[in-house]
1. Checking the condition without any contact (Cβ under 8 Å) to a residue 24 or more places away in the chain and either under 21 Å from Phe157 (Cβ atoms) or of a type in the set (Gly, Ala, Ser) (or both), which residue from Asp113, Asp122 passes?
2. Does Phe153 meet the test of being over 14 Å from the mean Cα position of the chain (by Cα), surrounded by 22 or more Cβ atoms within 10 Å (Cβ to Cβ) and either of a type outside the set (A, V, I, L, M, F, W, C) or closer than 19 Å to Leu167 by Cβ (or both)?
3. Applying the selection to region 81-104, what residues are under 18 Å from Leu210 (Cα atoms) and surrounded by 24 or more Cβ atoms within 10 Å (Cβ to Cβ)?
4. Would a scan of region 65-76 turn up a residue that is within 19 Å of Leu22 (Cα to Cα), surrounded by 15 or more Cβ atoms within 10 Å (Cβ to Cβ), at pLDDT 95 or above and not hydroxyl-bearing (Ser, Thr, Tyr)?
5. Condition test on Leu134, is it touching a Ser or Thr at 6+ places or on another chain (Cβ under 9 Å), modelled with pLDDT of 90 or more and farther than 19 Å from Thr16 by Cα?
6. Scan region 126-153 residue by residue and report those that are out of contact with any Pro (no Cβ under 6 Å at 6 or more places or on another chain) and touching a residue at least 40 places away in the same chain (Cβ under 8 Å).
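The values are calculated or read from the model by the stated rules, or taken from the named source; none is laboratory data. In this text the structure is predicted, and so the values were computed from the model without any measurement. All Cβ positions, even for glycine, are placed from backbone atoms using ideal geometry, and neighbour counts span all protein chains on display.
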Amino acid sequence: MPVICLLNQKGGVGKTTLALNLAADFAIAGDAVLYVDADPQGSALDWSAVRQKEPLFNVVGMPRNAIHKQLPMLAVNYAYTFIDGPPLVGEVARSAIIASNLIVIPVQPSGPDKWSTKTILDLVTEARVFKDNLKAVIAINRKIVGTAIGKSFAEEFAADYPDFPVLRTEISQYVAFTEALTTGSTVLETHPDGQASRQVHALANELKKLLNHDQETQRSTKATAG
């Protein structure tokens, strides 16, 4: 029951939009997905309320600091759980981190976005003292194609924060994301053959490979110990 948390304290990085589309990709692939909206703004709950199609996954609100205690029972019947983290560093964010196996930090390719991410990275580093197998990766999001900073940002980020790998797949800024979000949908449904959908699918596959690798490592470790 892997738990993936998308977290960034900076607004406007497209955290919820990316989380919803990733959850949709997992669900469309046939996995039972639980989506926990831990953001007090409740954007994912609003998205679910305006959706007219059959739900792809179950969305529940949980903007409180007991996520790590309540989630195991709530998510027991799901293959994957996504947590849409809160925008502020605090007890809710800490609880979401502790509840998770993988932290995905969406970052826009800009200097201010890179600098502001340090607070979240410090929080994850702090959590690793208690949860040493916690994985955290950077996802370049809302990239404007063709810009100079968009080409070099991943390398610069990796050089500054070597403990937080940057995922290969980068998500560009497309109007299709906003159009789908406002109707309670995802680009995988509204533009299934579009470039935005292909990028989401590629990113989802990267996350699955990370999680599968961790699970195989854990099984191997247990077998060796036994």
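1. Numbers: Asp113 fails: without any contact (Cβ under 8 Å) to a residue 24 or more places away in the chain.
Testing whether each residue is without any contact (Cβ under 8 Å) to a residue 24 or more places away in the chain and either under 21 Å from Phe157 (Cβ atoms) or of a type in the set (Gly, Ala, Ser) (or both) leaves just Asp122.
2. Details: over 14 Å from the mean Cα position of the chain (by Cα): yes; surrounded by 22 or more Cβ atoms within 10 Å (Cβ to Cβ): yes; either of a type outside the set (A, V, I, L, M, F, W, C) or closer than 19 Å to Leu167 by Cβ (or both): yes.
Judged against the criteria, Phe153 is a match.
3. Listed by number, the residues that qualify are Thr81, Phe82, Ile83, Ile97, Ser100, Ile103, Val104.
4. So the first thing to find is which residues in region 65-76 are within 19 Å of Leu22 (Cα to Cα), and the list is 75.
Checking the rest, the ones that are also surrounded by 15 or more Cβ atoms within 10 Å (Cβ to Cβ) come to 75.
From the residues that got through so far, the ones that are at pLDDT 95 or above too are 75.
If we keep only those that are not hydroxyl-bearing (Ser, Thr, Tyr) too, we end up with 75.
Yes, region 65-76 contains a residue that is within 19 Å of Leu22 (Cα to Cα), surrounded by 15 or more Cβ atoms within 10 Å (Cβ to Cβ), at pLDDT 95 or above and not hydroxyl-bearing (Ser, Thr, Tyr).
5. Details: touching a Ser or Thr at 6+ places or on another chain (Cβ under 9 Å): yes; modelled with pLDDT of 90 or more: yes; farther than 19 Å from Thr16 by Cα: yes.
Yes: the conditions hold for Leu134.
6. Asn133, Lys135, Arg142
Residue-by-condition table, conditions (1) of a type outside the set (Phe, Trp, Tyr); (2) at negative phi; (3) not in a helix (DSSP H, G or I):
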position	(1), (2), (3)
Val76	yes, yes, yes
Phe82	no, yes, yes
Ala96	yes, yes, no
Asp122	yes, yes, no
Glu126	yes, yes, no
Ile138	yes, yes, yes
